[in-house]
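Only the coordinates and a few stated rules stand behind these numbers; no lab work does. In this text the structure is predicted, and so the values were computed from the model without any measurement. When we count neighbours, we look across all protein chains shown, and the Cβ atoms used for this are built from the backbone with ideal geometry, even at glycine.
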Amino acid sequence: MIGDLFNLFMSQSHFFLNLVIEHLEISLISVLLAIIVGLGLGITVSEYPRNKWILTLVNIIYTIPSIALFGFLIPIAGVGDTNAIIALTIYGLLPMVRNTYTGIKTIDPGIIEAARGMGSTDRQILFKIKVPLALPHIMSAIRNMTVMTVALTGIASFIGAGGLGVAIYRGITTNNITLVVAGSILISILALGIDFILAGVEKITAFGPSRKKFFSILKNKKLIAAVLIVILSAGAYVAYDNSTHKTIHIASKAYTEQYVLGHILEELIQDQTDYHVDLTSGISGGTSTIQGGLAQGEFDMYPEYTGVAWMTVLSNSGLYDESMFNQLNNQLKSELSETMLTPYGFENTYAIAVPKAVAEKYNLKTISDLRAVAGQLTFGAESDYFSRADGFENLTNTYGLKFKDTMDLDVSLKYDAVEQGKIDVVEVYTTDGRLYGSDLVILDDDLNFFPSYYGVTIIREESLKEYPDLLPVLNKLNGKITTEDMMRMNYEVDVEKKDPKDVAHEFLVQKGLISGR
Amino acid sequence: MSDNIIEFHNVKKSYGDHVIIPNLNVNIERGDFLTIIGSSGCGKTTMLKMINRLINPDEGEILIDGKDVSELDVIKLRRSIGYSIQGTMLFPHLTVRENISYVPDLIAEDDKKAFKYESTQDNKLKKIKKDKELKAKEKSRDATKEQEINKWLDIVGLDYSLLERFPHELSGGQKQRVGIARALSASPKILLMDEPFGAVDEITRGQLQQEIKKIHEKTNITIIFITHDIGEALYLGKHVIVMDEGEINQYGEPAEILNNPATPFVEKLCERTKDIIEGKNNSY
């Protein structure tokens, strides 16, 4: 395990370094905002008692589970870093507001009366007496809140923000424990490191001689100006860098195949055009989250499946088959200003599978064969499947199935659950790499229930106009990825634990789509 | 007619239905050391806080140098009056130096702001000149501030080596001395003291009493000193006010209070300490 970790860090140091930087960016911006807003609110609450409702409000917000808060903000802030920063800032408010309030309220009233009696204005009492005296409380809030925020940023990848959560999430969704551990360890190291630094700052700001030195440094206007200039110019550089190169934003969902497809698109565009590419992979909110991002212009394109576009994106009823491709594409154009390119070639449809032992025991060959025995079997699928229009409910209605029990499982845990005998019937993808190594038998869809799901790029029409070099490059993928290819690539990631990025690269080189290096 | 620095005219103060001070009329002479004695809740602290407007009267007026305090700028008024309260209430996050120069620093800060505001009204050339002036002014102020701080340390009998210490690094007596120096540092003409030595031991208290007496003689400042200790009141005061339930029972010199108590309350108050004080007076 430790050896695996070491190899992972060595071979992908660049990947992890980027994640660490992103992680720090998101959490530190949130911390800074929470400090500024929290201090302001804390002071307002303690100076004007009629504003006490603010304290109650931040208290209530604090009780919202973080995942839910990220979710609530999607309609307002979309997906990505902005949403994460807003949510993390809101979370950080409670400790800041409460401690600032407590810090100010617990000051001996005699001290404040002395200051008033000596002729301090309200402002002077606040900034010369109250805030400095509340500083130990405030510092400990900053410390706790920062550590909390660094840890919580790990969840932000749920809504498409960057940071080390990306590694953890990718690890979970591709069944790669080493990656999960690596991401978690780095988050712990960051949190502990920052806690250590802040403990030092806390000591400095405690009453004593070093505090004086600290504040005299803060009073040095030239030094502060210099620091501000460095920060601003760094920010300006980043902004300049982003504006001079046009950036294509690609999204992908949170399962192996989508990671690989995301990287294929990313590398192909990077290799064949001058555009920058920003890939946000592993968006766990799935289709609806990504579609929201497309509508707001946060993403330009993502790999999708024809059947999903028909049912989930456009909410059409009725069975989709590939003869309706043009109709589907016209509808996407007119309703969403999005367009499908030519399919990649592979089909990733759903199928119902059972372990070989179960198939033999009940003599199962088709899904209809399940009808007689479903009452003794447990059905497992990812939670998405139970809510989707073409999902569980329609399947059971069509085939007249009544299972003994159902179980919600993460995509990557399904095979483990089958192996452990926790589920007997499972919904699978036809390109799933793990089908290779398993003893699962696919049951024939004798009533033609499952629609057709061809892999295809969906892109905003506006993006095609804005980036004219894009279309010819993307068209190079037309029909290039067979079901066999896709299954093999999934197998390499899921079972052989290869990095999706490397798998994508090897594929592009092997097909001659980019020059190998 | 004597020279009054503070005058109370028909002052009334109540909290809800509870009347603290029904009708107060007092004249305080310039340069007096006035001690006010009474049991707790008798209205002596309320009387004191009305002078620097921490409490405003319901009726009547209070004059300082003939001017109604309610018409004065409250911030300027308070800065011109020294204020020292029980437990000293030094600012724990500031050093001895910063505590002592608290009020002078506030005044300097406001002066600077006013000066800067003034200079924004001027043209460029004038501005440059004024900026230079401001810098020179600050420099000389810093120098005088240093001298002033040392002067007050000498007066209250504190060693210069304590300047960079924080309050929690001082003994009880040292804290009281810093508290007095802080109250005096802007050279006020009036010093209000509300049981300033209430929380120190007997020996330190004796030293501090001698110290404040000396300071009064040296500076000729008007001191209004609240205590609940009749011995302290009689020892320190040039004049003594005995208060009960918001009314003045007697206003006179210590000997007069002691020898001719005006009311049974005053008599009762003096009885226990009479012998001790007489003994002290004899030794003078």
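Descriptive notes on the structure:
- Separation of the alpha carbons by more than 29 angstrom is noted, of A:Lys221/B:Lys127; A:Lys422/A:Lys511; B:Lys238/B:Lys268; A:Lys203/B:Lys145; A:Lys402/A:Lys480, for A:Lys422/A:Lys511; A:Lys203/B:Lys145; A:Lys402/A:Lys480.
- Whole-number percent relative contact order across the stretch A:1-129, with pairs defined as alpha carbons under 8 Å at least 6 apart: 32
- In degrees, nearest ten, helix B:124-156 long axis to first principal axis of chain B (Cα): 30
- Viscosity 0.890 mPa s, 25 °C: Kirkwood-radius Stokes-Einstein D of the stretch A:304-349 over Cα pairs, µm²/s: 227
- Here the relative contact order of the stretch A:60-143, from alpha carbon pairs under 8 Å that lie six or more residues apart, stands at 32 percent.
- Sparse-neighbourhood loop sites, trypsin sites (Lys or Arg not before Pro) in the stretch A:373-417 - DSSP loop, at most 13 other Cβ within 10 angstrom: A:Lys402, A:Lys404
- With a cut-off of 10 Å between beta carbons, the residues surrounding A:Gly163 carry a summed charge of -3, where Lys and Arg count +1 and Asp and Glu -1.
- Taking every alpha-carbon pair under 8 Å whose residues sit at least 6 apart, chain B reaches a relative contact order of 28 percent.
- Rg(Cα) / (2.2 N^0.38 Å) computed for the protein assembly as shown, rounded to two decimals: 1.43
- Taking GluC sites (Glu not before Pro) across the stretch B:46-89, none is in a DSSP loop with at most 14 further Cβ atoms lying within 10 angstrom of its Cβ.
- Sites matching trypsin sites (Lys or Arg not before Pro) across the stretch A:433-485 that sit in DSSP coil, with at most 10 neighbouring C-beta atoms within 10 Å: none
- Rounded tilt (10° steps) of A:66-77 against the dominant C-alpha axis of chain A: 90
- For chain B, calculated [θ]222 nm from helices alone, where every DSSP H run of n ≥ 4 adds -39500 (n - 2.57): -15000 deg cm²/dmol
- Shape of the stretch A:67-183, Cα gyration tensor, a/c cut at 1.5: prolate
- Centre-to-centre, using Cα atoms only, the stretch A:17-68 and the stretch B:102-171 are separated by 38 Å.
- Qualifying lysines (Cα of each under 21 Å from Cα of A:Lys497; at least 8 residues distant if same chain): A:Lys253, A:Lys414
- Packing-based ranking, highest mean first, of B:211-223, A:272-284 given that Cβ atoms within 10 Å are counted: A:272-284, B:211-223
- For B:Lys13, net neighbour charge (Lys/Arg +1, Asp/Glu -1) across residues whose Cβ lies under 11 Å away: 0
- Here the gap between A:Ile189 and A:Lys422, fully extended at 0.36 nm per residue and compared with their Cα-Cα distance, gives a gain of 80.2 nm.
- Taking each of B:Lys139/B:Lys175; B:Lys76/B:Lys175; B:Lys76/B:Lys112; B:Lys76/B:Lys139; B:Lys112/B:Lys135 in turn, the alpha-carbon distance tops 18 angstrom for B:Lys139/B:Lys175; B:Lys76/B:Lys175; B:Lys76/B:Lys139.
- Ellipticity estimate at 222 nm from DSSP helix runs (n ≥ 4, -39,500 (n - 2.57)) divided over chain A, nearest 500: -18500 deg cm²/dmol
- Dipole of chain A, positive direction: furthest Cα of A:Tyr362, A:Ser27, A:Met118, with charges on the beta-carbon: A:Met118
- If R0 is taken as 60 Å, the Cβ-Cβ distance between B:Lys151 and A:Ala236 corresponds to a FRET efficiency of 0.70.
- Descending principal axes extents, chain B, alpha-carbon based, whole Å: 73, 45, 37
- Shown is the FRET efficiency for A:Asp408 and A:Ile29, computed with R0 = 35 Å from the Cβ-Cβ distance and rounded to the nearest 0.05: 0.50.
- Within 10 Å of the Cβ of each residue in B:87-96, the mean number of Cβ atoms contributed by other protein chains is 6.
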